[in-house]
Amino acid sequence: MTELPELVAGGLAAGTLSALVLGGGLLRARRQKAALRAEVTELRARLRAAEGAFVSEVEHLAARRMPAAAAQLTHPHLKVPGPAGHQTPGTPTGIALEYVLTALREELTAQRARIDAAAQAGLRGATREIQAALYRLQDALRGLQQRYDEPELAQTLFALDHENEQSLRRAQVAAVVCGAWVGLAREESHVVDAVTGGQARLAGYHRVRVHNHLEPGTALVSHAVEPVAIIVAELLDNALRHSAPDTDVVVSLEHVHHGVCVTVDDAGLGMTQDERARAQRLVAGSDPILLTDLGDPPRMGLAAVGRLTRQFDLSVDVSSPSPYGGVRAVLRVDTHLLGRIDPELRPPSVSAPRSTRERAAVRESAGQAPAAPAGTAPAPAPTAPAPAVPAPAADGSGGAEHERAPGHQEPGSPGGLPQRRRRTRPDAPEAPRRQPAAERRPEAAAAALAALQYGTAAARTPKRAPAPDPRRTDDEGEAAR
């Protein structure tokens with residue numbers, strides 16, 4: 001009986017001890033749970049912060065960095081903003097975002113090249129058809145110029161021909177930018193003729209002053225004539241458009257160590273440093289040309305110059321300002337593109353300015369003419385023959401024979417037979433020497449060119465001689481002929 005209280009006391013002690021152990025375990029579990037809960041809460045907060053930072057970086061990438069990277073393809077001077085967070089660069093997130101930008105640039109470049117190539121192909125086909133139509137119109141206008149001699153109609157036809165030439169130049173420039181050939185193959189020509197040919201394609205050609213300092217006979221090889229004319233026309237067009245209408249554009253042709261330089265100086269507004277750098281990149285022709293880089297509407301002049309300089313081994317520089325405050329453009333033609341034409345056999349066109357070296361040689365030869373020896377009687381002045389009415393030539397060549405008195409013998413003519421002479425005016429004074437190019441006005445040059453064209457057209461037009469009348473005697477028929 002005495003063992004029961006001891007058992008109860010022992011059980012109570014064991015229960016109390018177990019309760020204490022369980023209570024301690026519960027307390028530790030609660031503390032651990034609280035710690036875990038705090039850690040989970042902290043991890044969730046850090047995850048939310050990381051997620052917010054990542055979302056901010058993606059939004060910053062989409063809103064600012066990707067548009068800047070796309071714009072940098074057309075404007076290299078633009079800078080792409082960096083990540084929004086300072087700790088992002090170098091991290092896996094930063095590396096992944098940079099990879100996105102790189103892939104975007106590559107894809108945009110490929111798509112732009114593909115789309116631009118398709119646009120250039122379409123424009124090239126369209127300009128080919130336009131060029132063919134304009135060439136046909138040019139042939140028709142020149143045929144009308146040769147057919148009709150009325151001054152007013154001829155002036156209208158010349159104006160239409162000049163407008164057609166300007167349209168043809170624009171179509172030709174667009175075709176060249178799109179990768180087409182220049183469209184014309186010319187024979188070897190004087191350098192000054194190529195320059196004046198480019199000048200004649202512009203609306204403001206009368207404002208251009210050409211100073212020719214080349215040796216007479218300096219010429220271009222056949223495949224370089226048309227590219228040089230196109231480049232000169234575009235450089236002059238750029239100078240005329242960006243200068244006041246009451247100012248002149250000065251063109252100088254000079255010999256240099258490696259060939260010939262054509263320098264174009266205008267008195268316009270000039271260009272900023274960025275504009276000059278971009279223009280130099282275009283005319284250098286080293287970078288690929290895209291139509292989307294040429295503005296809206298596209299300005300294709302300098303881009304066409306760049307295409308031609310790369311294709312024909314020419315050099316153009318626009319990096320220096322003009323002494324008149326505008327822009328100086330220098331076209332250099334190397335020696336391997338130059339040739340020689342005898343100016344006596346094939347002189348330059350009448351509208352081309354004479355070389356200053358030729359004029360200096362003429363003045364020098366005139367100043368060093370040998371004087372007559374002392375005591376020598378001067379030669380008698382030739383007496384002017386009686387004026388005669390020239391008979392028109394039957395072949396339309398513009399030549400005629402002078403009427404002579406019966407029995408007149410030409411000196412050196414065997415048997416006193418009449419000799420053919422060109423139609424001249426014996427009583428006319430000596431023709432004045434050709435004026436220097438710097439003193440000639442565009443109107444005089446245009447008039448001379450029109451006269452030359454009229455004479456050529458008249459010479460090419462066949463005229464039929466009237467049939468002899470059978471009722472005439474042989475003597476009368478011979479006299480009529």
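The values are calculated or read from the model by the stated rules, or taken from the named source; none is laboratory data. Keep in mind that what you see is a predicted model, and the values were worked out from it rather than measured. FYI the Cβ positions are ideal-geometry reconstructions off the backbone, even for glycines, and counts take in every protein chain you see. In case anyone asks, the SASA skips ligands and DNA or RNA and just uses the protein heavy atoms, side chains included. Shrake-Rupley method; radii C 1.70, N 1.55, O 1.52, S 1.80 Å.
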| note | By residue number, the members of the range 91-136 that are over 24 Å from residue 65 (Cβ atoms), touching a residue at least 60 places away in the same chain (Cβ under 8 Å) and either among the hydrophobic types (A, V, I, L, M, F, W, C) or not in a helix (DSSP H, G or I) (or both) are 119, 123
| task | Answer yes or no as to whether residue 12 is modelled with pLDDT of 80 or more and not β-branched (Val, Ile, Thr). | result | no
| note | In the range 101-150, anything in contact with a Cys (Cβ under 9 Å, 6 or more places away or on another chain) and aliphatic (A, V, I, L, M) is listed as 119, 121, 123
| message | Looking at the structure I just gave you, is residue 175 assigned to a helix (DSSP H, G or I), surrounded by 24 or more Cβ atoms within 10 Å (Cβ to Cβ) and touching a residue at least 40 places away in the same chain (Cβ under 8 Å)? | response | yes
| residue 203 open to solvent by 50 Å² or more (accessible area, probe 1.4 Å) and either part of a helix (DSSP H, G or I) or under 20 Å from residue 142 (Cα atoms) (or both) | yes
| message | Exactly one condition in (1) open to solvent by 10 Å² or more (accessible area, probe 1.4 Å); (2) over 30 Å from residue 343 (Cβ atoms) is false for residue 222; which is it? | response | (2)
| said: Given the condition within 30 Å of residue 177 (Cβ to Cβ) and part of a helix (DSSP H, G or I), answer yes or no: does some residue in the range 39-49 qualify? | reply: no
| task | Please go through the range 165-174 and pick out each residue that is hydrophobic (A, V, I, L, M, F, W, C) and either under 12 Å from residue 132 (Cα atoms) or in contact with a His (Cβ under 7 Å, 6 or more places away or on another chain) (or both). | result | 168, 171
| Positions within the range 32-55 being among the charged types (D, E, K, R) and at pLDDT 85 or above, in sequence order | 33, 37, 39, 42, 44, 46, 48
| message | Can you say whether residue 68 is within 30 Å of residue 294 (Cβ to Cβ) and open to solvent by less than 60 Å² (accessible area, probe 1.4 Å), as far as the supplied structure shows? | response | yes
| Can you name the number of the only condition in (1) at pLDDT 85 or above; (2) open to solvent by 50 Å² or more (accessible area, probe 1.4 Å); (3) in a helix (DSSP H, G or I) that residue 79 fails? | (3)
| query | Considering the range 64-75 alone, what residues qualify as being within 17 Å of residue 99 (Cα to Cα) and part of a helix (DSSP H, G or I)? | reply | 64, 65, 66, 67, 68, 69, 70, 72
| Search result, residues across the range 142-159 that are open to solvent by less than 50 Å² (accessible area, probe 1.4 Å) and under 24 Å from residue 181 (Cβ atoms) | none
